[in-house]
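The values are calculated or read from the model by the stated rules, or taken from the named source; none is laboratory data. Just so it is clear, the structure is predicted and the values come from calculations on it, not from any experiment. Note that each Cβ is placed from the backbone with ideal geometry, even for glycine, and that neighbours are counted across all protein chains shown.
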Amino acid sequence: METLFKKKRTNRVTVKISAKYMNTLFRECNSVYVKTHCKGICCRNSKGKLNVTIAPREVRYIQSLGGIVKEGTLQPKTDQQWCPFQKQNGLCSTHKNPPIGCAVSPFNINANNTLIIRYRNLCMNCHKTGTIAAYKVFERSLRVMFGKRESNRIYLHLDNGGGDIMASMFKDVWEDLTYNRNIRKNNKQ
Ligand code: SF4
Ligand code: SF4
């Protein structure tokens, strides 16, 4: 099977991290909550449809899982509108290695090169009823973007009440997120 991130990655891009967004509150995002409450609703757009962009580097990997990619967008199966990898209970069947946009969720890089939280996730109940800072709930997503050492530095900085901070993101992830943002902009998603 294809995999992402085969090589040791050294190239980095500096981005700004918004402390305001990192301290936004969420509920813990775990399989129990997904199965009993949210059913993975953030995997769908406001019309209940599939909304996943796929960076060029990921296409072969997604295809190896049986996914169909058209113009940078993951396609639903013919008889449904949502993600082909989403199980009935809302969990993701690619949980250990999902598309990069999902792996870094709910974070995203905006046009000002700042790490923020996607608007869609701010509309979810897990945010509205949340009590835990995003950088804690989604620490795993920070690791995907920054690696262990850099994400630990970010985490500690925020844990000590620090404000906005510059950090070095893996260049390939940065390129994927930039590509995804442009695709969404073109599709007006
Ligand atoms: S981020 Fe929120 S809506 Fe999405 S799976 Fe986690 S708990 Fe559910
Ligand atoms: S790949 Fe997984 S995480 Fe991404 S939208 Fe589909 S079900 Fe959700």
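Here are a few things to note about the model shown:
- The set of residues from the stretch 174-189 being in contact (Cβ under 8 Å) with a residue 40 or more places away in the chain and part of a helix (DSSP H, G or I) comprises 174, 175, 176, 177, 178, 179, 180, 181, 183, 184, 187.
- Residue pairs meeting the criteria (Cβ under 9 Å; at least 6 apart or on separate chains; first acidic (Asp, Glu), in the stretch 123-149; second modelled with pLDDT of 95 or more and in a helix (DSSP H, G or I)): 139/151; 139/155
Okay, residues lined up against (1) in contact with a helix residue (DSSP H, G or I) (Cβ under 9 Å, 6 or more places away or on another chain); (2) surrounded by fewer than 17 Cβ atoms within 10 Å (Cβ to Cβ); (3) within 24 Å of residue 27 (Cβ to Cβ):
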site	(1), (2), (3)
94	yes, no, yes
102	yes, no, yes
106	yes, no, yes
121	yes, no, yes
145	yes, no, yes
176	yes, no, no
179	yes, no, no
187	no, yes, no
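- Residue count for the stretch 85-99, restricted to those that are within 15 Å of ligand 1 (Cβ to nearest atom) and of a type in the set (D, E, K, R): 1.
- Unique residue being surrounded by fewer than 17 Cβ atoms within 10 Å (Cβ to Cβ) and at positive phi when the list is 89, 113: 113
- Test for residue 29: is it farther than 24 Å from residue 147 by Cα, within 16 Å of ligand 2 (Cβ to nearest atom), modelled with pLDDT of 90 or more and touching a Cys at 6+ places or on another chain (Cβ under 9 Å): no
- Output for the stretch 138-173, where each listed residue is part of a helix (DSSP H, G or I) and under 16 Å from residue 105 (Cβ atoms): 139, 140, 141, 142, 143, 144, 145, 146, 151, 173
- Failed item in (1) more than 11 Å from ligand 1 (Cβ to nearest atom); (2) among the β-branched types (Val, Ile, Thr); (3) in contact (Cβ under 8 Å) with a residue 60 or more places away in the chain, with residue 68 passing the rest: (3)
- A single entry from 78, 10, 14, 94 fulfils the requirement of being closer than 16 Å to residue 175 by Cα and modelled with pLDDT under 95: 10.
- Residue 131 within 16 Å of ligand 1 (Cβ to nearest atom), surrounded by fewer than 18 Cβ atoms within 10 Å (Cβ to Cβ) and either over 15 Å from the mean Cα position of the chain (by Cα) or over 30 Å from residue 36 (Cβ atoms) (or both): yes
- Selection within the stretch 22-79 - in a loop (DSSP other than H, G, I, E, B), under 15 Å from residue 91 (Cα atoms) and among the basic types (Lys, Arg): 39
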